[in-house]
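Below is one structure, written out as structure tokens; the observations come after it.
The values are calculated or read from the model by the stated rules, or taken from the named source; none is laboratory data. Bear in mind the structure is a predicted one, so any value in this text is a computation, not a measurement. We place every Cβ from the backbone using ideal geometry, glycine too, and count neighbours over all the protein chains shown.
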Amino acid sequence: MFVAPTPQDPAPAPIQETVVTASRSSATATTTSADVTVVTSDELYATGERSLPRMLAKAAGVFVQETNLGGGAPILRGLIGNQILIVVDGVRLNDSSTRGGPNQSLNGIDPAIVERVEVVRGPTSVLYGSDALGGVILIWTKHREPTRGSADVDGAFHAAVDGSYQSVTEGYRSSLELSGAGESYGWLAGLGYHDWDDLESASGTVDNTGYHGESFFGSWKSTLGHARSLRATTIISKDHDVPRTDRLNVGFGQTNPSNDEFLFAIQDRQFNVLTYEDANPGLFADAVQVRGSFRFYNEDREIRNFGSSTRRMEHDTVTTLGLGVDFKKAIGADHLVTYGFDVDYDEVDSGRVDVNVNTGAQTPNVGNFAPGSRYTSSGIFVQDELLSLQPFDVTLGVRYGFYDFAFKDLTTSQREEGDFDALSGSLAVGRDVAEGVKLVGTVAQGFRAPNLSELARNATFAGGTELANPDLDPEQSLYGELALQVEAARWTGALAVYANSISDTIGRRLVNAGGPAIGDETYIRDNAGTVELYGVEGSYSRRLGGSDSPWTFDTRVEWTYGKQYDDFVDPTTSDQPFLDVPATKVPPLFGTVGVGYEARTWLERADLSMRWATTQNKLAPQDKTDPRIDPTGTDGWVTLDFDITGPIGERTRGSYWSLGVHNLLDEEYRVHGSGFDAPGFGVVAGVHLSF
């Protein structure tokens, strides 16, 4: 894992770490490094990667699937898509339109605005509610602190320019950042732009991969008296003409691509949060955080099936209002209680116009989502850290969640309404079994309510049609884990062994095979039995040589095994095709190895890193028909990267350069489940100038 240079003297523009005193994300005594990985902005930058998903894959050892260059879906504990929750500044990025498979949510965050990322592995439904079955990606954005009259804090106006170039796409990413602070306020604003051409893999140019986009970020923080503050944050990002690569290029088992056209013409994300924090002790809380949010997402698509003369001009717009409140209270000397509630309300507008590409004639049609679609998610939670049970550390929690939806059925014109609720709990017990050695056992329930993408959205799948189902049941999981953390003088290590059983998993069933042609099948979403996942994940870091040695060694490895059990009987064959078969999209055994060298010369840091994966031939039936996946299995691979970073001028300026050579062996490979071959040999170069 890369560790970026950290100057010993303070940089002139101190973008200080966010301190969220009442946040539900605060670590407990039962938290271990086996489950939580924290990656700073410097560590993300030092990877030399193009996007936030790829940066996390390299810096945190996360397995990331890419259907297209404008995507990047993390897989945690064997799960992907809407079974992974993404949270930005305490507010969930997932909404009721989040697709079940790989999606582009994480790729829409400009790395230039990120202060740090926390990767939390394992279910966290008690704290975060629905979708957190495999884990949570917590993203914290940059800001400037008010000086509060301190002579030690630089409140002057500052500027920073950042840019990076990548040869494998002949593309670049750039940003401009301005910030300032006064006694009672601090502000930061940034503009970003990125432009990527078609990717060069080891086997040649990958058509239909390039796209471009821009972003804006703003943060204002004001003090409101002693230990009180108010922060306003705005994130706007737009990606243009993002091709769905796997649909436009011939895949496995195909002689022709699924589509002649498939573009995300615009992906417009707007994210606004107002956060109030109060750390003045009171009767019911020692600290309070209140978050109000307004989110907006618009997606326009241009789709034309292979050989068709009809171009579908589709759009989906999701508007979300949210409120979250966290309290933290010490009750005597025995309890540290975190409690609160959250509620989010979504409205979805959807439309479609069919255009004849030969005549230009336009015909209105129904959109993907049923008219009048709305969705409300809410929950209350409490978590207690028991402080008086030495030698044991105990954390227990419970959440009650309630969800309801409504929309107009397209075929019956009747109003469909429904709701779900769930009571979820968790218990973690830890003990220091020796000096620097902690053992933690965890049992947790997970919960995921069906969202509008499953309840009310008719869409294309594998060239055919996928129908909504308003009668779906929620997914529920039972998770167990045993984690070991070791901290010695010159090395640290962590190991987690886990099992997760997910019942009523939402999948799809074939209801009409259509004619002999591929692409006219009809599927319906349905609860498709139980998925069981088992795995082992470990990490090890060591300083090579003495305590002042400049050499470091890091490695991480993960193995997941998954099975699906569904007693569905195929009416045409009387077989049970999904009973006791491999689970879908499960990564192979994979890992990272890195050797680093730290210096205080013109070269601040040098890293040689290796990422690898073994063959994955344990495929689900749906994997074998997925054009992204070789039906005989995905071959194993090994890549090597070499990256160096150094200061520009005086280290106190906070300016630095970076240079990297990636995929040194020009390995020809594909990450399991991805829609295109991975980047080949390439050079990356970057510069960060601070004024």
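Assorted remarks:
- The lone criterion from (1) at pLDDT below 95; (2) crowded, with 22+ Cβ neighbours inside 10 Å; (3) over 26 Å from Leu230 (Cα atoms) left unmet by Arg99 is number (2).
- Within region 129-145, the only residue that satisfies the criterion of being of a type in the set (Ser, Thr, Tyr) and under 23 Å from Ala232 (Cβ atoms) is Thr141.
- Hits in region 203-252 - residues which are of a type in the set (S, T, N, Q) and closer than 17 Å to Leu178 by Cβ: Ser215, Ser219, Thr233, Thr234
- Of all the listed residues (Lys618, Lys624), the sole one being free of Cβ contacts under 8 Å to residues at least 12 places away in the same chain, closer than 17 Å to Pro588 by Cα and among the basic types (Lys, Arg) is Lys624.
- Here the condition is being touching a Gly at 6+ places or on another chain (Cβ under 9 Å) and within 21 Å of Val168 (Cβ to Cβ); of Thr592, Thr639, it holds for Thr592 alone.
- The set of residues in region 332-362 that are out of contact with any Leu (no Cβ under 6 Å at 6 or more places or on another chain) and under 30 Å from Ala27 (Cβ atoms) comprises Gly332, Ala333, His335, Leu336, Val337, Thr338, Tyr339, Gly340, Phe341, Asp342, Asp344.
- The condition (being farther than 16 Å from Ala132 by Cβ, at pLDDT below 95 and crowded, with 18+ Cβ neighbours inside 10 Å) is satisfied by just one residue among Leu387, Leu455: Leu455.
- Residues within region 575-599 that are in contact with a Pro (Cβ under 9 Å, 6 or more places away or on another chain) and over 26 Å from Leu56 (Cα atoms), tallied: 4
- Residue within region 424-436 that is more than 30 Å from Ser33 (Cβ to Cβ) and of a type outside the set (Val, Ile, Thr) present: no
- Phe294 vs. criteria under 23 Å from Thr320 (Cβ atoms) and assigned to a strand (DSSP E or B): yes
- Note on region 140-211: enclosed strands (runs of 3 or more DSSP E) holding 3 or more residues that are free of Cβ contacts under 8 Å to residues at least 40 places away in the same chain and under 26 Å from Ala265 (Cβ atoms) are 185-196.
- Residue within region 597-604 that is in contact (Cβ under 8 Å) with a residue 60 or more places away in the chain and within 17 Å of Gly636 (Cβ to Cβ) present: no
- Positions within region 249-282 being assigned to a loop (DSSP other than H, G, I, E, B), touching a strand residue (DSSP E or B) at 6+ places or on another chain (Cβ under 9 Å) and not polar (S, T, N, Q), in sequence order: Ala279, Pro281, Gly282
- All positions within region 221-231 that are surrounded by fewer than 16 Cβ atoms within 10 Å (Cβ to Cβ), in a strand (DSSP E or B) and of a type in the set (Gly, Ala, Ser): Ser222
- Breaking point among (1) surrounded by 14 or more Cβ atoms within 10 Å (Cβ to Cβ); (2) part of a loop (DSSP other than H, G, I, E, B); (3) without any contact (Cβ under 8 Å) to a residue 40 or more places away in the chain, for Thr412: (1)
- Looking only at residues in region 423-442 that are surrounded by fewer than 21 Cβ atoms within 10 Å (Cβ to Cβ) and touching a residue at least 60 places away in the same chain (Cβ under 8 Å), the one that is farthest from Leu478 (Cα to Cα) is Val429.
- Checking each residue in region 554-593 for being of a type in the set (Ser, Thr, Tyr) and over 22 Å from Gly100 (Cβ atoms) picks out Thr555, Thr572, Thr573, Ser574, Thr592.
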